[in-house]
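The block underneath contains the structure these notes are about, expressed in structure tokens.
The values are calculated or read from the model by the stated rules, or taken from the named source; none is laboratory data. Computed from a predicted structure; not experimentally measured. Ideal geometry is used to build each Cβ from the backbone, glycine not excepted, and the neighbour counts take in all protein chains shown. Areas reflect the complete protein model, heavy atoms only, side chains present, ligands, DNA and RNA absent. Shrake-Rupley method; radii C 1.70, N 1.55, O 1.52, S 1.80 Å.
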Amino acid sequence: MILSNSFEEALKALEKASLKKTKGREALLKVLVNQHGPFSVDELHHFVKKQKVDLVTVYRCLTAFETIGLVRRCDFGDGIARYEIQLNSGHHHHHVICRICRRSENMDDCEVTQLEKTIEKKGYSKISHNLEFFGICTDCGHSERSKPLL
């Protein structure tokens, strides 16, 4: 089920940036709006290839979306770029990533926004930040404890 308000907001962002609503862009936006990301390019291609959206189109769309601020690139420290929708609804979050299985979870609280306000007072503008946390999830932690020590 498409979250219609979010999808419509994404389409309006395309229009505002003078980007056409193509079949590929719409298919990719539906995935980004409806699924919990962030997703790698290969994962996104897997979701949209049934609509005959090729890998090159996925790359081009993501580049365009990132340029206009519609998606955010996430770096989990493994050399794989991941993307998630970034709408103007004001929702900002970070991730905690398992070092073993690479599962990620959203961290909805952001205490860094207060620091951004302090930086604005110093005269800076268009401030952004990127912060990810890394650890071992409970599932992987249990399996780590069950391994015999050598």
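Multiplying the residue separation of Glu120 and Ala81 by 0.36 nm and subtracting their alpha-carbon distance yields 11.1 nm.
The fraction of accessible area contributed by carbon and sulfur in region 1-80 is 51 percent, rounded to a whole number (1.4 Å probe; ligands and nucleic acids excluded). Solvent exposure of region 17-150, expressed per residue, is 68 Å² of accessible area, with all protein chains present and a 1.4 angstrom probe. Please work out whether the chain counts as rounded, prolate or oblate from its C-alpha gyration tensor, where a ≥ b ≥ c are the square roots of the eigenvalues and a/c under 1.5 means rounded, while otherwise a/b larger than b/c means prolate and anything else oblate? It is oblate, given that a/c is not under 1.5 and a/b is not larger than b/c. For the listed peptides 72-83, 112-123, a ranking on the average number of other beta carbons within 10 Å per residue, highest first, reads 72-83, 112-123.
The modelled label-to-label distance for the pair Cys140/Glu111, using points 7 Å beyond Cα in the direction of Cβ, is 2.4 nm. Within the accessible surface of region 84-140, defined with a 1.4 Å probe on protein heavy atoms only, the carbon and sulfur portion equals 50 percent. Placing unit charges on each Cβ (+1 for Lys and Arg, -1 for Asp and Glu) gives the chain a dipole about its Cα centre, and among Tyr59, His93, Tyr83 the Cα reaching farthest toward its positive end belongs to Tyr59.
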